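Encoded as structure tokens, the structure appears first; notes follow it.
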Amino acid sequence: MEKDMNQYLSKAEVLIEALPYIQRFNRKIIVIKYGGSAMMNDELKKNVIADAVLLKLVGFKPIIVHGGGKEISRWVNKVGMEARFVNGLRVTDAPTMEIAEMVLNKVNKSLVQMVQELGVKAVGISGKDGGLLKVKKKYSNGEDIGFVGEITEVTPKILYDLLEKDFLPIVCPIGMDEDYNTYNINADDAACEIAKAVNAEKLAFLTDIEGVYKDPEDPDTLISELTCEEAHALIEEGFIGGGMLPKLNNCIEAIENGVSRVHILDGRIPHCLLLEIFTNKGIGTAILGSEESRYYHE
């Protein structure tokens with residue numbers, strides 16, 4: 001009986017610990033970039049969607065921006081095509097673009113279905129809808145990589161309309177240029193630009209790593225929080241490289257353009273969003289403005 005009571009008390013303590021965070025972010029917009037391995041594992045997918053639904057139900061205003069690169073590659077191979085990359089970026093010719101849009105829309109509607117199964121209304125859109133994401137052709141060190149878009153403008157009215165009507169928007173990163181050609185967009189870039197446009201309180205990147213390391217070879221060097229100034233210094237000193245470099249630059253840009261805090265989380269950890277947002281110690285890495293304090297008890 002005493003053991004059961006201790007378990008109940010532990011659960012109550014977790015809820016009490018979450019209270020100041022619920023109060024702090026009530027009615028605030030949170031952009032969640034969802035991608036990586038967490039999209040390929042059905043159990044992790046359920047956890048991520050359950051987290052987003054819980055955030056919605058306790059008064060937050062989540063917007064999910066999802067990727068689908070691994071699923072696109074799977075379908076490209078499935079139809080007998082070969083994926084090509086230039087400087088780490090997928091070359092997206094017209095047939096690949098057709099497959100990418102098909103796959104991303106399929107992923108999008110599956111996420112809508114999962115949210116609605118949990119009792120929350122969701123609407124899936126792409127950057128084409130309502131002119132949400134306008135792009136221009138992106139080049140990689142001067143090389144043509146096909147229908148890959150660089151965002152030039154975000155028109156967030158459709159997102160505000162959906163949030164006002166109590167929907168959870170789920171966005172796939174497809175946009176159009178001024179001639180209405182369709183382009184694939186890096187999902188990290190899309191999430192960052194959307195977060196800036198809606199003045200989000202938080203932007204969370206679900207990734208395949210635990211966070212930002214000073215030394216990627218040493219797990220003990222995980223950095224739990226960084227200011228923009230500290231992040232700039234890490235980059236200038238050469239500690240950040242590979243795929244983390246553009247991600248961290250996106251984080252810095254978001255903070256410098258009005259987003260209060262950005263989180264880099266390991267999407268492979270069940271309920272990582274809830275652990276980061278609702279607990280005093282959190283997990284992953286938080287990047288914040290110089291005036292922001294991460295832990296409210298401090």
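The values are calculated or read from the model by the stated rules, or taken from the named source; none is laboratory data. For clarity, every value in this text was computed on a predicted model and none was experimentally measured. Because the Cβ atoms are built from the backbone with ideal geometry, glycine has one as well, and the counts that use them run over all protein chains shown. Surface areas here come from the heavy atoms of the whole protein model, side chains and all, with no ligands, DNA or RNA. Shrake-Rupley method; radii C 1.70, N 1.55, O 1.52, S 1.80 Å.
Remarks
- The lone exception for LYS134 - which of (1) open to solvent by less than 50 Å² (accessible area, probe 1.4 Å); (2) assigned to a strand (DSSP E or B) it fails: (1)
- Hits in the stretch 248-286 (condition: farther than 13 Å from ALA195 by Cβ and either open to solvent by 30 Å² or more (accessible area, probe 1.4 Å) or aromatic (Phe, Trp, Tyr) (or both)): ASN249, ARG268, ILE269, PRO270, HIS271, LEU274, LEU275, PHE278, THR279, ASN280, LYS281, ILE283
- Unique match (being closer than 16 Å to VAL171 by Cβ, in contact (Cβ under 8 Å) with a residue 24 or more places away in the chain, open to solvent by 60 Å² or more (accessible area, probe 1.4 Å) and not hydrophobic (A, V, I, L, M, F, W, C)) among ASP93, ASP129: ASP129
- Taking the stretch 114-162 as the range and being of a type in the set (Lys, Arg) and under 19 Å from PHE85 (Cα atoms) as the test, the residues that pass are LYS137, LYS138.
- Being in contact (Cβ under 8 Å) with a residue 12 or more places away in the chain, part of a loop (DSSP other than H, G, I, E, B), under 17 Å from PRO62 (Cα atoms) and out of contact with any strand residue (DSSP E or B) (no Cβ under 8 Å at 6 or more places or on another chain) holds for only one residue in ASP166, ASP215, and it is ASP166.
- Filtered residues of the stretch 89-109 (kept if out of contact with any Pro (no Cβ under 9 Å at 6 or more places or on another chain) and either in a strand (DSSP E or B) or within 21 Å of ALA38 (Cα to Cα) (or both)): LEU89, ARG90, THR92, ALA100, GLU101, MET102, VAL103, ASN105, LYS106, VAL107, ASN108, LYS109
- One residue alone among VAL259, VAL212 is touching a Leu at 6+ places or on another chain (Cβ under 7 Å), modelled with pLDDT under 90 and within 21 Å of GLU153 (Cβ to Cβ), and that residue is VAL259.
- Where ALA122 falls short, out of the listed (1) in contact with a helix residue (DSSP H, G or I) (Cβ under 8 Å, 6 or more places away or on another chain); (2) under 28 Å from LEU273 (Cα atoms); (3) touching a residue at least 60 places away in the same chain (Cβ under 8 Å): (3)
- Filtered residues of the stretch 96-110 (kept if open to solvent by 30 Å² or more (accessible area, probe 1.4 Å), of a type in the set (S, T, N, Q) and over 22 Å from the mean Cα position of the chain (by Cα)): none
- Answer residue from the stretch 39-88, given it is part of a helix (DSSP H, G or I) and small (Gly, Ala, Ser) and is surrounded by the most Cβ atoms within 10 Å (Cβ to Cβ) among those: ALA52
- Residue that is nearest to ARG24 (Cα to Cα), among those in the stretch 218-273 that are among the charged types (D, E, K, R) and in contact (Cβ under 8 Å) with a residue 12 or more places away in the chain: ARG261
- Unique residue being of a type outside the set (A, V, I, L, M) and at pLDDT 95 or above when the list is SER126, SER224, SER140: SER126
- If the condition is being touching a residue at least 60 places away in the same chain (Cβ under 8 Å), among the aliphatic types (A, V, I, L, M) and either part of a loop (DSSP other than H, G, I, E, B) or crowded, with 23+ Cβ neighbours inside 10 Å (or both), then the stretch 169-191 contributes ILE170, VAL171, ILE174, ALA190, ALA191.
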